[in-house]
Amino acid sequence: MAETLQFTSKPASLRGVLRSDVPMARHVSWRAGGSADRVYVPADLPDFAAFLRATPRGEPVLVVGLGSNLLVRDGGFRGTVVLLHAVLSSVSLVPSANAGAHVDDAPVDVCFEAGVACPKVARFAAMHGLEGAEFLAGIPGTMGGALAMNAGCYGAQTWERVMRATMVTRDGALVERMPDAFDLGYRHVALAPAATTAKAGTNATTPATISTPPVLGEDEWFVGATMRLDAGDGARSRARIKAFLSRRIATQPLQQPNAGSVFRNPPGDHAARLIESCGLKGMAVGGAEVSARHANFIVNRGGATASDIEALIVAVRERVRADTGIELVPEVRIVGERQ
Ligand SMILES: Cc1cc2nc3c(=O)[nH]c(=O)nc-3n(C[C@H](O)[C@H](O)[C@H](O)COP(=O)(O)OP(=O)(O)OC[C@H]3O[C@@H](n4cnc5c(N)ncnc54)[C@H](O)[C@@H]3O)c2cc1C
């Protein structure tokens, strides 16, 4: 029998804002899709932790940053979405261990919370004469999303610079994790089982002690991290940011709602090249269309539903598989119920 959820109103001790039946089209960059049963905007980190402690175990929790890599199906999300953008919003330099013995070219650590927009970190770093975060300038998500996706571009990825991350668990506890606690790859981040699982007993008298490893996005979420950047030249960093942004304006359909690259690039190739070579630019389902400007982008040309977008993703994938034998893997996350 399905568990009856008690989370129908906000416990008085919570200071954030809880709303019901919230259209997620407002909170994802595709501007399409269904509603979340509940949306919680925490007041701050302690309030987010308290919210998790107060939430019944059976309630699915989906943490969302800027929704720039996310689609909620038209039938909606049965659970609570937690919105972190602009809530966990601090970014600062980590005080150096050698304060007082300033070394001009020593790397500098930047500490940020998960709700900070990626471009803010790129600008903050440039303002402090630090290099290595420029690639973040054109990624329209939060740092929490960048950590969860290992976001990257122009030869750089988020986790190459991360020194440690702070997570909040389902019980509301804060846990600090080093990069080796994660299984990291191209647009792939998971908690590494080896870092979190107890070993099974090796003989009949030792009871097995396998505990279920926590799952990123179900049992733990990013609330902040520290990145190590190179001491450099702020002007050079700003020039690089400008060049990266110009390149995006020239190549991406930024005037229409989209979620960036829909598919990961297969090894040694580009998803956009494959899609274009199959003649799929301009292919449409309802209000969703393969962009004529960038074939790995699907745009909402007006009135697209989540099912239009998902059907187009499936159709593109099938055509590319049929024509080239290559199986494209979606980069965008799709959650929720079909209508
Ligand atoms: C125009 C455009 C250009 C883009 N260019 C790039 C690019 O160059 N490179 C690139 O990598 N991506 C790119 N993207 C995709 C997107 O911006 C990135 O994936 C970004 O990191 C997502 O961040 P977000 O805050 O929007 O995440 P969301 O879309 O809100 O969430 C994405 C996933 O991360 C999870 N998540 C979010 N926050 C947390 C958290 N705090 N803890 C745990 N899980 C969390 C969500 O549950 C979801 O599964 C682009 C998107 C657009 C619209």
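Throughout, read-outs are computed from the coordinates displayed, never taken from laboratory work. Remember, it's a predicted structure, so these values are computed and weren't measured experimentally. No Cβ is skipped: glycine too gets one built from the backbone with ideal geometry, and neighbour counts run over all protein chains shown.
One table, with the values for the structure above:
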{"read-out": "Close pairs from the range 17-34: first within 13 Å of Asn69 (Cα to Cα) and of a type in the set (Phe, Trp, Tyr), partner more than 11 Å from the ligand (Cβ to nearest atom) and outside any strand (DSSP E or B), Cβ under 7 Å, at least 6 apart", "value": "Trp30/Ile309"}
{"read-out": "Filtered residue count, the range 290-323, keeping only those that are buried (at least 16 other Cβ atoms within 10 Å of the Cβ) and over 24 Å from Ala151 (Cβ atoms)", "value": "6"}
{"read-out": "Residue within the range 276-293 that is within 15 Å of the ligand (Cβ to nearest atom), part of a loop (DSSP other than H, G, I, E, B) and out of contact with any Pro (no Cβ under 6 Å at 6 or more places or on another chain) present", "value": "no"}
{"read-out": "Considering residues of the range 176-192 that are surrounded by 15 or more Cβ atoms within 10 Å (Cβ to Cβ) and in a strand (DSSP E or B) only, the residue nearest to the ligand (Cβ to nearest atom)", "value": "Val189"}
{"read-out": "Selection within the range 265-277 - buried (at least 17 other Cβ atoms within 10 Å of the Cβ) and not small (Gly, Ala, Ser)", "value": "Asn265, Leu274, Ile275"}
{"read-out": "When residues of the range 245-264 are limited to those that are more than 10 Å from the ligand (Cβ to nearest atom) and of a type in the set (Gly, Ala, Ser), the one surrounded by the most Cβ atoms within 10 Å (Cβ to Cβ)", "value": "Ser246"}
{"read-out": "Top-ranked residue of the range 306-339 - restricted to ones that are of a type in the set (Gly, Ala, Ser) and assigned to a helix (DSSP H, G or I), ranked as farthest from the ligand (Cβ to nearest atom)", "value": "Ala322"}
{"read-out": "Filtered residues of the range 122-160 (kept if surrounded by 23 or more Cβ atoms within 10 Å (Cβ to Cβ) and away from the ligand (no atom under 13 Å from the Cβ))", "value": "Ala125, Ala126, Leu130, Ala133"}
{"read-out": "Count - residues of the range 65-95 that are more than 9 Å from the ligand (Cβ to nearest atom) and more than 14 Å from Ser35 (Cβ to Cβ)", "value": "9"}
